[in-house]
Amino acid sequence: MKLILASGSPRRRELLAMTGLKFEVVTSDADENIPDDIQPGVAALILSEKKALAVASLAEYRGSIVIGADTIVSLDGKKFGKPKDADDAERMLKALSDRTHTVYTGVAIVNSDLTVNKFVEATEVHFYPLSENQIKDYIATGEYSDKAGGYAIQGGGAVFVSGIIGDYYNVMGLPIGRLMQEIRRIH
């Protein structure tokens, strides 16, 4: 059976490739707008399902297994998605400085009959105190772009992290251990 990753994220592609599974990447065009009052973990689940179903419902991918994922950073109940620009990334990093935040990744697996199995993984991440210069230097790299919370734990953002509780790969955008357990369970 054909496996599809409904994501344009290079990180998710790399992570899924680590499993040894053969898959195709198809970027979803799902509407990613959701109400602000939805809890971060629930929001990640809703968005992952929207992405997966948008691809699974296309005629050329019927009969495939489609994986959708979405990652949201949360601090004090506020959601931090992908920054709109450098100023937004700076605001996020200042808020995360010397604090513990939670990274939620929702994953939806749509089977060939369009049934959906989904889960959310949560990982706590603590940042060291960040100076203005550290934040500005990091933003100048451009790495913040397209990253929930405005940082990449697998890149230059690694120096901000004093510790994590949970799945490291979840912070990168795809909890591959849990994903593989779910795929084995349902197939």
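The values are calculated or read from the model by the stated rules, or taken from the named source; none is laboratory data. A quick note: this is a predicted structure, and the numbers were derived from the prediction, not measured. Glycine gets a Cβ as well: all are built from the backbone with ideal geometry, and neighbour counts include every protein chain shown. What goes into the accessible areas is simple: the full protein's heavy atoms, side chains included, and nothing from ligands, DNA or RNA. Shrake-Rupley method; radii C 1.70, N 1.55, O 1.52, S 1.80 Å.
The table below gives the values:
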| item | result |
| --- | --- |
| The chain: relative contact order as a whole-number percent, Cα under 8 Å and 6+ apart | 22 |
| ILE164, ILE65, reordered so the largest accessible area comes first (probe 1.4 Å) | ILE164, ILE65 |
| Prolate/oblate/rounded call for region 4-88, Cα gyration tensor, a/c under 1.5 rounded | prolate |
| Whole-number percent relative contact order across region 76-126, with pairs defined as alpha carbons under 8 Å at least 6 apart | 32 |
| Net charge dipole size for the chain [Lys, Arg +1 and Asp, Glu -1 on Cβ; Debye, nearest 20] | 560 |
| Charged-residue dipole, Cβ positions (Lys, Arg, Asp, Glu), region 1-109 about Cα centre, Debye nearest 20 | 400 |
| Gain in span if fully extended, PHE119 to ARG91, counting 0.36 nm per residue against the direct Cα distance | 7.1 nm |
| Rounded Å value of the spacing that divides the Cα centres of region 50-87 and region 21-47 | 2 |
| MRE, 222 nm, helices only [DSSP H, n ≥ 4, -39500 (n - 2.57), over the chain, to nearest 500] | -10000 deg cm²/dmol |
| Gyration tensor verdict on region 43-108 (Cα atoms; rounded if a/c is under 1.5, prolate if a/b is larger than b/c, oblate otherwise) | prolate |
| Mean Cα-pair separation over length for region 90-187, i.e. relative contact order, pairs under 8 Å, 6 or more apart, % | 31 |
| Region 51-124, dipole about Cα centre (Lys/Arg Cβ +1, Asp/Glu Cβ -1), debye to the nearest 20 | 140 |
| Protection proxy ranking, peptides 69-76, 94-101, 44-51, average beta carbon neighbours within 10 Å, highest first | 44-51, 69-76, 94-101 |
| Nitroxide proxy distance, nm - points 7 Å out along Cα→Cβ at ASN111 and GLU132 | 5.7 |
| FRET E, pair GLU14, VAL159, Förster distance 30 Å, beta-carbon r, rounded to 0.05 | 0.90 |
| Option label - semi-axes √(5λ) of the Cα gyration tensor in Å computed here, alternatives (1) 30, 16, 15; (2) 38, 25, 12; (3) 22, 20, 16 | (1) |
| Most positive-pole-ward Cα, GLY81, ALA52, GLY63, against dipole of region 35-92 from beta carbon charges | GLY63 |
| Dipole axis of region 84-150 (+1 Lys, Arg; -1 Asp, Glu on Cβ), positive-most option in GLY106, LEU96, LEU130 | GLY106 |
